[in-house]
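Input: a single structure, listed below in structure tokens.
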Amino acid sequence: MTSTTETAPPAKKKSLLDKAVALASGPHGLWLLAVVSFAEASFFPIPPDPILAAVVLARRERFWIATIICTVASVLGGLAGYAIGAGLYETIGKSVIEFYHMEGTFTAFQERFAEWGGWIIIAKGLTPIPFKLVTIASGVAELNLVTFVLSCAITRGLRFLIVGGLFYAFGPQARAVISRHRGKVMIGGLIIVVLGFAAAIYIA
């Protein structure tokens, strides 16, 4: 009499999306979101939107708290960028701008602040344009601090509310699409970052 042994199917390898969602759903997900949101507003090149999306995909009930954390951390990071522009431009701010090769764009932003003030923050904060460029330029231009904080809160709050809201409303469908086309999504995300820098150079 012979016996057969069933072989268990190999475990499915987790995709990058699955790993991101797993991290976002863990105890450190909101902390990671806060750190990236803060850093992106002053020096870090990657926007917090993908992490916000992962947090909402992982746990939809975190939509509001994640959006609020993202906004508050981004405004605080914006204040750090403002401080760099106002008091540390020669030692830190200039190096940040030169690192991204946006010296000419930075000068254009400074000139526009004199005309548009806080409105340019609201307009640029909703686009893929690197927000650190706006915050550091605000400090160099010595934009009114209350105007700066209110403008940052409005533009970043709206942006993250839209991003988080879309993934809250279409979470399961969005996750399925991303899982099926994760390669294209990653390339698309990279293109958005690159376009943001290009827009900063040619639109400013």
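The values are calculated or read from the model by the stated rules, or taken from the named source; none is laboratory data. None of these values were measured; they are calculated from a predicted model. Cβ sites come from the backbone with ideal geometry, for glycine too, and all protein chains shown count toward neighbours.
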Quiz item: Pick from region 108-162 the residues that are of a type outside the set (A, V, I, L, M, F, W, C) and out of contact with any helix residue (DSSP H, G or I) (no Cβ under 7 Å at 6 or more places or on another chain): which of them is nearest to A80 (Cα to Cα)?
Solution: N144
Quiz item: Looking at (1) assigned to a loop (DSSP other than H, G, I, E, B); (2) touching a Pro at 6+ places or on another chain (Cβ under 8 Å); (3) not small (G, A, S), which is the only condition I46 fails?
Solution: (2)
Quiz item: Which number in (1) basic (K, R); (2) under 22 Å from P48 (Cα atoms); (3) at pLDDT below 75 marks the one condition that R112 misses?
Solution: (2)
Quiz item: Of everything in region 76-94 that's within 21 Å of the chain's Cα centre (by Cα) and small (G, A, S), which residue is modelled with the lowest pLDDT?
Solution: G93
Quiz prompt | Selection count, region 72-98, where residues are more than 22 Å from T155 (Cα to Cα) and among the hydroxyl-bearing types (S, T, Y) | solution = 3
Quiz item: What is the number of the single condition among (1) under 18 Å from the mean Cα position of the chain (by Cα); (2) surrounded by 14 or more Cβ atoms within 10 Å (Cβ to Cβ); (3) at pLDDT below 55 that C152 does not meet?
Solution: (3)
